[in-house]
1. Test Glu258 against the stated conditions and say whether it is under 22 Å from Ala163 (Cβ atoms), open to solvent by 70 Å² or more (accessible area, probe 1.4 Å) and at pLDDT below 90.
2. Being surrounded by fewer than 22 Cβ atoms within 10 Å (Cβ to Cβ) and either touching a Cys at 6+ places or on another chain (Cβ under 6 Å) or not acidic (Asp, Glu) (or both) is the filter here; which residues of segment 161-173 pass it?
3. Name the residue, out of Arg81, Arg96, Arg20, Arg35, that is without any contact (Cβ under 8 Å) to a residue 24 or more places away in the chain and closer than 18 Å to Ala292 by Cβ.
4. With the checklist (1) modelled with pLDDT of 95 or more; (2) on the phi < 0 side of the Ramachandran plot; (3) more than 19 Å from the chain's Cα centre (by Cα); (4) not in a helix (DSSP H, G or I) in hand, flag the one item Gly227 doesn't pass.
5. Could you tell me whether Ala321 is under 15 Å from Arg133 (Cα atoms), part of a helix (DSSP H, G or I) and either at pLDDT 90 or above or open to solvent by 20 Å² or more (accessible area, probe 1.4 Å) (or both)?
6. Here is a check on your reading of the model: is Ala39 open to solvent by less than 20 Å² (accessible area, probe 1.4 Å), modelled with pLDDT under 95 and in a loop (DSSP other than H, G, I, E, B)?
7. Is it true that Phe146 is of a type in the set (Phe, Trp, Tyr) and either open to solvent by 20 Å² or more (accessible area, probe 1.4 Å) or farther than 26 Å from Glu317 by Cα (or both)?
Amino acid sequence: MGAVVGALFVGVDGGGTSTRCVVAAESGEILGRGRAGGANAVSVRDPSANLLAALLAALGSLDRSRVAGGVFGLAGAAQARALAERAWSEAELPGRPRVVPDMLVAFTGTTDAADGTVLVAGTGAVGARVRSRRIVRRADGFGWLFGDEGSGVWLGRRAVAAALTALDGRGAPTALIGPGAAALLGEAGDPQDVPALVAAAYDRIAEAGPAWLGSLAPAVDAAARRGDQVARDIVREAARRLGRTARVVGEPDGTGEERGPLVLAGSLLTEPTELARLVRAELGPRTTSLPAGDGAAGAAALALRAALPPGDPRAGEGHRALIGRTFADRPERRADDGRG
């Protein structure tokens, strides 16, 4: 169908830590932004409420009847579609939204290319092959218990384990004990009290979900930068596993399609972290990567494309405008483009 003049398009990017929403015009101009807590159904207690909060903040006083389409990029369990439709309905928006994997909106929020690869490392971790703006192959993304290798939760879980084994004598001494104990017990807590640390760790996960472990990732990365051998080993192993994930999904599958760009997404790969540096080294000098832009803008671009006839030039124009506006709003991404 064709988009009507004055139509609005909603894009939502729901990650494990935060949810971002944009409302855009057909031209690609962003008219509203919203942000709330995480929306991963596996690791967040009330993802639907966060989706609704981000939607309402972005919509503001805009006329909801003008909304001609919406796309949610979500990770997590199969109930993600139901969560999105519930939030959409409670926001009193017309029609029903489309729900796609969160790594797809990370890709479309970075490039208007139809084909390529995306590697995500934030709260969770996953790699995917994109063809015709659809996910055709993926690796990992199995959640904190069975996978998400190299993710923030993966790093945090190993940091806590390393601190505990150092304290009970099974592991090497590590500087991770200090920040781990502070995060679990507060500055006044006893960093040598192993039973209290274990109890606090389980309590935090029970209260806030396993995504809480991802809050320890910056401390692991910082300790690795300072030369702590245990932290360095953890971060190096994370980079090795992420590199393997990227290679698996980036391998040719015999269809003859163009390889396209590799998009690096998630805070652990888009910020100037030690992990990002090691991942780029793991991928090698022949791999050119792009730092991810705004996944919510990518979701809005998909909504715009779905509303316009195939081949309509307005789709590409609006998509490129959304991406350009994203980077113009966040110039720090240009300064550190993820390639070292």
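The values are calculated or read from the model by the stated rules, or taken from the named source; none is laboratory data. Quick caveat: nothing in here was measured; it's all calculated off a predicted structure. Quick reminder, even Gly has a Cβ in these numbers, built from the backbone with ideal geometry, and neighbours come from all protein chains shown. For accessibility, only protein heavy atoms count, side chains too; no ligands or nucleic acids. Shrake-Rupley method; radii C 1.70, N 1.55, O 1.52, S 1.80 Å.
1. No, not satisfied.
2. Listed by number, the residues that qualify are Ala161, Leu164, Thr165, Ala166, Leu167, Gly169, Arg170, Gly171, Ala172, Pro173.
3. Numbers: Arg81 fails: closer than 18 Å to Ala292 by Cβ; Arg96 fails: closer than 18 Å to Ala292 by Cβ; Arg20 fails: without any contact (Cβ under 8 Å) to a residue 24 or more places away in the chain.
Just one listed residue meets the conditions, Arg35.
4. Condition not satisfied by Gly227: (2).
5. No.
6. Spelling it out, Ala39 is indeed open to solvent by less than 20 Å² (accessible area, probe 1.4 Å), modelled with pLDDT under 95 and in a loop (DSSP other than H, G, I, E, B).
7. Values: of a type in the set (Phe, Trp, Tyr): yes; either open to solvent by 20 Å² or more (accessible area, probe 1.4 Å) or farther than 26 Å from Glu317 by Cα (or both): yes.
Yes.
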